[in-house]
């Protein structure tokens, strides 16, 4: 097998376009990065972009856009697993340091084993995820509410909701970061509110509009408003809205440790695609003598 590294996202995308588009649901994050950063000029640390091929066939693709996790993607699990040691060997030769990965589960586990063994590190599971895709919405029981775009007026509470949500998912944002994030999402018309009797009760966001598919994230209902079907109604209405915009399917990721969210998404038509993991690599802890 041969590892090829690319100097730009444009060059990388030319190579992997067919590989990504034939599995657009699984490739959503990597494809989205290619589409949105194709012409970006990078200052400082450059993206890491590579493929592992055998006889001209892409076995594994890899993308790291600083400061985010290394993304790995295969089309066939056996190909990806077989290609991982070649990628790890290349990274070691190039003295390239990887702190985090996000990957389909089987390939990610093999990478983690190879990487931690080579560098005497330990892995920490950040997120155990399931990717879902929806082609058609199954509408939940009717609620007396409506979906609407978030507005500047909603910035009075949206940053607090975002901070609370990231605390629950262990991907913590500061209030300042959440305020900036909310402003950008509102300005781009990507953030939506479900309201009942004029009161905001849940939120969800559009993200990664790609070729045929689009994703939903930032789904959150405050704790005191849960159990009333607001998240189901919000996600169902937003999914329906996005399909009517012309997308063929919607995707979203769920935390497998949260059976409630996995159930409600399936109830409105989301079907499992594959499992992902997000891992972080830390130095091994050494036991101090008693």
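The values are calculated or read from the model by the stated rules, or taken from the named source; none is laboratory data. Just so we're clear, the structure is a prediction, and the values are computed from it rather than from any experiment. For neighbour counting, all protein chains shown are included, and Cβ atoms are generated from backbone atoms with ideal geometry for every residue, glycine included.
Confirm whether residue 87 is touching a residue at least 24 places away in the same chain (Cβ under 8 Å), closer than 29 Å to residue 283 by Cα and under 20 Å from the mean Cα position of the chain (by Cα).
On the way: touching a residue at least 24 places away in the same chain (Cβ under 8 Å): yes; closer than 29 Å to residue 283 by Cα: yes; under 20 Å from the mean Cα position of the chain (by Cα): no.
When the stated conditions are applied, residue 87 does not pass them.
Identify, please: which residue in the range 22-45 is under 21 Å from the mean Cα position of the chain (by Cα) and not in a helix (DSSP H, G or I) and is, among those, farthest from residue 77 (Cα to Cα)? Steps first, answer last, please.
Going through the range 22-45, the residues under 21 Å from the mean Cα position of the chain (by Cα) turn out to be 22-38, 40.
Next, only the ones that are not in a helix (DSSP H, G or I) stay: 22-27, 38, 40.
Values: 22: 15, 23: 13, 24: 16, 25: 16, 26: 12, 27: 14, 38: 27, 40: 31 Å.
Across the range 22-45, the extreme among qualifying residues is 40.
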I need a count of the residues in the range 49-86 that are in contact with a strand residue (DSSP E or B) (Cβ under 6 Å, 6 or more places away or on another chain) and closer than 23 Å to residue 120 by Cβ. 6
Scanning the range 165-184 for residues that are touching a residue at least 12 places away in the same chain (Cβ under 8 Å) and touching a helix residue (DSSP H, G or I) at 6+ places or on another chain (Cβ under 8 Å), which turns out nearest to residue 100 (Cα to Cα)? 166
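Restricting the search to the range 71-84, which residues are without any contact (Cβ under 8 Å) to a residue 40 or more places away in the chain, farther than 14 Å from residue 26 by Cβ and crowded, with 23+ Cβ neighbours inside 10 Å? Break it down stepwise before answering.
Taking the range 71-84 first, the residues without any contact (Cβ under 8 Å) to a residue 40 or more places away in the chain are 72, 74, 76-81, 84.
When the remaining residues are screened for being farther than 14 Å from residue 26 by Cβ, the result is 78, 81, 84.
Scanning the range 71-84 gives a single hit, 84.
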Please count how many residues of the range 232-279 are in contact with a helix residue (DSSP H, G or I) (Cβ under 6 Å, 6 or more places away or on another chain) and in a helix (DSSP H, G or I). 2
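Going through the range 155-177 one residue at a time, which ones are outside any helix (DSSP H, G or I) and either out of contact with any strand residue (DSSP E or B) (no Cβ under 8 Å at 6 or more places or on another chain) or within 26 Å of residue 124 (Cβ to Cβ) (or both)? Don't jump to the end; show me each part of the working.
Within the range 155-177, the first condition is being outside any helix (DSSP H, G or I), and the residues that meet it are 157, 170-174.
Correct list: 170, 171, 172, 173, 174.
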Single match in 197, 154 (criterion: at pLDDT below 95 and more than 30 Å from residue 38 (Cβ to Cβ)): 197
Looking at (1) closer than 30 Å to residue 272 by Cα; (2) in contact with a strand residue (DSSP E or B) (Cβ under 9 Å, 6 or more places away or on another chain); (3) at pLDDT below 95, which is the only condition residue 36 fails? (2)
Close pairs (6 angstrom Cβ cut-off, 6 or more residues apart or separate chains): assigned by TED's automatic domain parsing to the domain that holds residue 15 in the range 56-67, assigned to a loop (DSSP other than H, G, I, E, B) and crowded, with 24+ Cβ neighbours inside 10 Å anywhere: 60/74
Among the residues of the range 154-168, are any within 23 Å of residue 27 (Cα to Cα) and exposed (fewer than 13 other Cβ atoms within 10 Å of the Cβ)? no
Of everything in the range 39-56, what is surrounded by 14 or more Cβ atoms within 10 Å (Cβ to Cβ) and over 19 Å from residue 108 (Cα atoms)? Give them in sequence order. 47, 54
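Per-residue answers, yes or no, for (1) in contact with a strand residue (DSSP E or B) (Cβ under 9 Å, 6 or more places away or on another chain); (2) modelled with pLDDT of 95 or more; (3) over 19 Å from residue 277 (Cβ atoms):
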site: 6; (1), (2), (3): yes, yes, yes
site: 12; (1), (2), (3): yes, yes, yes
site: 15; (1), (2), (3): yes, yes, yes
site: 30; (1), (2), (3): yes, yes, no
site: 40; (1), (2), (3): no, no, yes
site: 88; (1), (2), (3): no, yes, no
Suppose we keep only residues that are free of Cβ contacts under 8 Å to residues at least 24 places away in the same chain and not assigned by TED's automatic domain parsing to the domain that holds residue 256 within the range 111-156. Which one would you say is farthest from residue 71 (Cα to Cα)? 117
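I'm trying to understand the selection: among the residues of the range 102-140, which are within 21 Å of residue 242 (Cβ to Cβ) and surrounded by fewer than 16 Cβ atoms within 10 Å (Cβ to Cβ)? I'd like the intermediate steps shown before the answer.
Start the filter on the range 102-140 by keeping residues that are within 21 Å of residue 242 (Cβ to Cβ), which leaves 129-140.
Across the range 102-140, the qualifying residues are 135, 136, 138, 139.
Of all residues in the range 241-263, how many are touching a residue at least 40 places away in the same chain (Cβ under 8 Å) and either out of contact with any strand residue (DSSP E or B) (no Cβ under 9 Å at 6 or more places or on another chain) or surrounded by fewer than 18 Cβ atoms within 10 Å (Cβ to Cβ) (or both)? Even if it seems obvious, please write down each step before you answer.
Here is the first cut: in the range 241-263, the ones touching a residue at least 40 places away in the same chain (Cβ under 8 Å) are 241, 243, 248-257, 261-262.
Of the ones still in play, those that are also either out of contact with any strand residue (DSSP E or B) (no Cβ under 9 Å at 6 or more places or on another chain) or surrounded by fewer than 18 Cβ atoms within 10 Å (Cβ to Cβ) (or both) are 241, 243, 248, 255-257, 262.
Summing the residues that are touching a residue at least 40 places away in the same chain (Cβ under 8 Å) and either out of contact with any strand residue (DSSP E or B) (no Cβ under 9 Å at 6 or more places or on another chain) or surrounded by fewer than 18 Cβ atoms within 10 Å (Cβ to Cβ) (or both) in the range 241-263 gives 7.
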